[in-house]
Amino acid sequence: MFKFFLILISSSLAFAQDCYHCGPLAQTYTQPQVPEWPIEYTEIEKINYARNPQASFCKRPIEMVDTIVLHQSETPSTDTPQRINEFHLDRGTAADPWYMIAYSYAINSPYPGATSPRMRVTEGRPLDIVGAHAGSNVFVPMDSEQQKMYDDGKITCGKENGEFKVDPTLIKNGKIKANVTTIGLVVIGNYSPFSKTNPNGYSKKNPRYPTKATQDQIARMSCQLQKKHPRMKNIKWHNYYHATSCPGTIQQYIGRIKALARNYGCEFN
Amino acid sequence: MRVQLILTFIFISFNSFATDDKSMQDLFRKYDSVMDNKKIELIDEVFTQKFIKESGGKEELIEKIKELSPSAEKAAAKTKMSWKKGLKSEIYFATVKDLSQNKSKKENHESEFIVLKEDGKLKIDGTISDGN
């Protein structure tokens, strides 16, 4: 009898190690590893990114964010968030350069049938810094709480070590820049067909879709964000905001990603 | 003396821009030839070796170029290119605007090409999602 219990306990622990996001036992097992983040669904790697101290950026309360916007990087899937950061540090103009990587999170995942890169989520631009991903000329309506935060001067812009002030250009006709109320979640890779304007794309004979594991990773990451920041109730995609091929075939799986997130106890519009 | 220095700097900058601009226009003319007219012999002059490798090798890239249907090719030919040098590195971002009239709003967009110098020549190293 004692032997039976011993086998039962050891097999439960083995299950927990293989599948830490599957059950309450596993959650307890992984949680202490990164105490500042509740590792209920996925682990997030952190990088000390280079930033451009000459660049202006805006700060916001995280409560301002209600939407996760899905992107594809359009680069090869093997690219790293550091490389995306380097590209973004080169973007903009001398008068208005970019501060750092435009997205808040980056997901590396292999294409269907591939084994690399290793599936992982990396933190990008901190959540309390307004991103640069949805389109700087896109404005969206605010709810009363967001309006109050703006009216209270909670969203301020400036440079590192400089003074931060309210920027009236963030508002137009009562709407606010979409970047202020959203965060960017980028899947590193190119999920659009090969064309003259997309030479990194997939062959039409072999269409490329996000794998189930990639969909699941997006769902778990989104759910984890919602658990910590309950105001994040929407999942949108880049070309919801303006004409672009981003995020390619990932867009076809938004409904499924939301359904997966529901399985983890999250509800997204 | 200071004015002379400033004028020299402006002259050098303008000259460098003009050289880069000519090289960039040449590169995208060749790119048009590869994509529109299937001049696949120009592939090595147009793309970096890294890009070719990441595309699955030269043969796979040629296969993809040949797959472009005549109608898509005709529509895609209507593009407009502008470019900007990176702020920190020896990198160029070329914006290719698709001017095709028969495309849906979703497809009618700008693409950002990454252009690098390989063996002293400008070559396309891939694309990156438009953001901002």
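Checking the condition in a loop (DSSP other than H, G, I, E, B) and among the small types (Gly, Ala, Ser), which residue from A:Gly162, A:Gly184 passes?
A:Gly162
Among (1) surrounded by fewer than 23 Cβ atoms within 10 Å (Cβ to Cβ); (2) at pLDDT 95 or above, which single condition is A:Ile183 missing?
Only one criterion in (1) surrounded by fewer than 23 Cβ atoms within 10 Å (Cβ to Cβ); (2) at pLDDT 95 or above is unmet by A:Ile183, namely (1).
Residue by residue through segment A:124-138, note down the ones that are surrounded by fewer than 20 Cβ atoms within 10 Å (Cβ to Cβ) and either among the charged types (D, E, K, R) or away from chain B (no Cβ under 14 Å) (or both).
Listed by number, the residues that qualify are A:Pro126, A:Asp128, A:Ile129.
Mind checking whether some residue in segment B:46-65 is of a type in the set (A, V, I, L, M, F, W, C), part of a strand (DSSP E or B), modelled with pLDDT of 90 or more and touching an Asp or Glu at 6+ places or on another chain (Cβ under 8 Å)? Outline the logic, then answer.
At the first step, the residues of segment B:46-65 found to be of a type in the set (A, V, I, L, M, F, W, C) are B:46-47, B:51-52, B:61-62, B:65.
Narrowing further to those that are part of a strand (DSSP E or B): B:47.
If we keep only those that are modelled with pLDDT of 90 or more too, we end up with B:47.
Subsequent filtering for residues that are touching an Asp or Glu at 6+ places or on another chain (Cβ under 8 Å) retains B:47.
Checked segment B:46-65: at least one residue is of a type in the set (A, V, I, L, M, F, W, C), part of a strand (DSSP E or B), modelled with pLDDT of 90 or more and touching an Asp or Glu at 6+ places or on another chain (Cβ under 8 Å).
A:Thr93 passes all but one of (1) within 12 Å of chain B (Cβ to nearest Cβ); (2) among the hydroxyl-bearing types (Ser, Thr, Tyr); (3) in contact with a Pro (Cβ under 9 Å, 6 or more places away or on another chain); which number fails?
It is condition (3) that A:Thr93 fails.
State which residue is farthest from the chain's Cα centre (by Cα) when the search covers only segment A:163-201 and only residues that are β-branched (Val, Ile, Thr) and within 30 Å of A:Arg220 (Cβ to Cβ). Give the steps one after another, and end with the answer.
Residues of segment A:163-201 β-branched (Val, Ile, Thr): A:166, A:169, A:171, A:176, A:180-183, A:186-188, A:197.
With the extra rule that they be within 30 Å of A:Arg220 (Cβ to Cβ), the set shrinks to A:176, A:180-183, A:186-188.
Values: A:Ile176: 20, A:Val180: 14, A:Thr181: 13, A:Thr182: 10, A:Ile183: 6, A:Val186: 5, A:Val187: 8, A:Ile188: 11 Å.
Among those residues, the one meeting the criterion is A:Ile176.
What number goes with the only condition from (1) surrounded by fewer than 18 Cβ atoms within 10 Å (Cβ to Cβ); (2) at pLDDT 90 or above that B:Ala94 does not pass?
Answer for B:Ala94: the failing condition is (1).
If we keep just the residues of segment A:79-101 that are polar (S, T, N, Q), over 16 Å from B:Tyr92 (Cβ atoms) and without any contact (Cβ under 8 Å) to a residue 60 or more places away in the chain, which is surrounded by the fewest Cβ atoms within 10 Å (Cβ to Cβ)?
So the first thing to find is which residues in segment A:79-101 are polar (S, T, N, Q), and the list is A:80, A:82, A:85, A:93.
Keeping just the survivors that are over 16 Å from B:Tyr92 (Cβ atoms) gives A:80, A:82, A:85.
After this cut, where a residue has to be without any contact (Cβ under 8 Å) to a residue 60 or more places away in the chain as well, the list is A:82, A:85.
On the way: A:Gln82: 15, A:Asn85: 22.
The extreme case among them is A:Gln82.
If you go through segment A:205-236, how many residues are part of a helix (DSSP H, G or I), within 14 Å of the chain's Cα centre (by Cα) and under 21 Å from A:Tyr191 (Cβ atoms)?
Counting residues in segment A:205-236 that are part of a helix (DSSP H, G or I), within 14 Å of the chain's Cα centre (by Cα) and under 21 Å from A:Tyr191 (Cβ atoms) gives 9.
The values are calculated or read from the model by the stated rules, or taken from the named source; none is laboratory data. Fair warning: this is a prediction, and the values are worked out from it, not measured in the lab. Glycine also receives a Cβ, built like all others from the backbone with ideal geometry; neighbour counts cover every protein chain displayed.
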